[in-house]
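Just below is one structure, and these are the notes that go with it.
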């Protein structure tokens, strides 16, 4: 199996690197450096995604027929590698990466014409309505009900952990349209306009959100919300099929590009920041041992991802490997943030120690590299839970790989 980049891959990598260096604005890089995590606004993300769309690189997983880049698995990997290197964010996934492929595969032509161009150009934003207070990893137990009223559904219930719902124009939502012996058979996949009367969004404030005005996740309540039947994607009662298809895109990401980028920043921070005495953390043998242990694990994961890319390029499907990548990748994300916390020391205590911009009349609390470290640490506690908890992923692997 050949896991090395071809000459064409290298040329593509050079093109991506050159374009990103010029396209990712310096003023946004400065804003990221000064402020804690979560500092980018919706306007920042929209401007960036529109720039990607102009280049034709916003929807890397879309076919060209719908305006996508139609990257090969290797090109997608290279693009993520170079994006992480310069610190540019990925696209917000709910529209472009998640719901759009579902609309392409299961939606009507009217739905494709209506939604896909607007998603591609970031003219509308989606959020994901899956989890409920009593239905997380056991998603089939969801109880948000959509009652068939003839030409529309009447939706009542609640969704939780809804990321960026306060910014979203639309939600793709799993609802129960009937009660069956097999719970999955009574679930449907619908699109909901977030401006519809009866929808209420309430924030969930978490430990990583000390900044006034910044908050990421929400509760969403539905009280007699009218949803046109034309917003049903696929067949009524077949929403579980759509949900499983969508999860292939939610779980199938490569982790090593972002992890390698984070480790590069961590190494620079460790070399600059003193630990005990006058020596930098980089000179501490115990720290180096743990740093190198994670580095080796990331390298092993990178080669695993490259082997999977090679298989995908040869037309093979990804099976339980997606669960393996999700489990290992999220554990390593948490490991990297734990090392960053150690290097930051007492400077993580204020949580938000954003450094001053030009003209501000105050001094920084600590080193610039410590900005956002605590927020990132707290935020990454969730990565081993969402998209199917790691415990569930291990169950999947034990069943599909070991036959247990």
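For the stretch 122-136, name all the residues that are surrounded by fewer than 16 Cβ atoms within 10 Å (Cβ to Cβ) and either outside the structural domain of residue 193 (by TED's automatic domain parsing) or out of contact with any strand residue (DSSP E or B) (no Cβ under 7 Å at 6 or more places or on another chain) (or both).
123, 134
Against the definition (in contact with a strand residue (DSSP E or B) (Cβ under 8 Å, 6 or more places away or on another chain) and either on the phi > 0 side of the Ramachandran plot or free of Cβ contacts under 8 Å to residues at least 60 places away in the same chain (or both)), how does residue 145 come out, yes or no? Taking the combined requirement at face value, the residue satisfies it.
When 198, 186 are checked against the criterion of being buried (at least 17 other Cβ atoms within 10 Å of the Cβ) and in contact (Cβ under 8 Å) with a residue 24 or more places away in the chain, a single residue qualifies: 186.
Listed by position, the strands (runs of 3 or more DSSP E) inside the stretch 85-173 whose residues that are over 23 Å from the mean Cα position of the chain (by Cα) number at least 2 are 145-148, 152-159.
Taken together, 98, 104 contain a single residue that is touching a residue at least 40 places away in the same chain (Cβ under 8 Å), farther than 30 Å from residue 373 by Cβ and in contact with a helix residue (DSSP H, G or I) (Cβ under 7 Å, 6 or more places away or on another chain), which is 104.
Could you go through the stretch 341-351 and let me know if any residue there is within 23 Å of the chain's Cα centre (by Cα) and modelled with pLDDT of 75 or more.
So in the stretch 341-351, the residues within 23 Å of the chain's Cα centre (by Cα) come out as 341, 351.
In the following step, the residues that additionally are modelled with pLDDT of 75 or more were identified as 341.
Checked the stretch 341-351: at least one residue is within 23 Å of the chain's Cα centre (by Cα) and modelled with pLDDT of 75 or more.
The values are calculated or read from the model by the stated rules, or taken from the named source; none is laboratory data. If you're wondering where the values come from, they're calculated on a predicted model, not measured in any experiment. Positions of Cβ are generated from backbone atoms using ideal geometry, with glycine treated the same way; all protein chains shown enter the neighbour counts.
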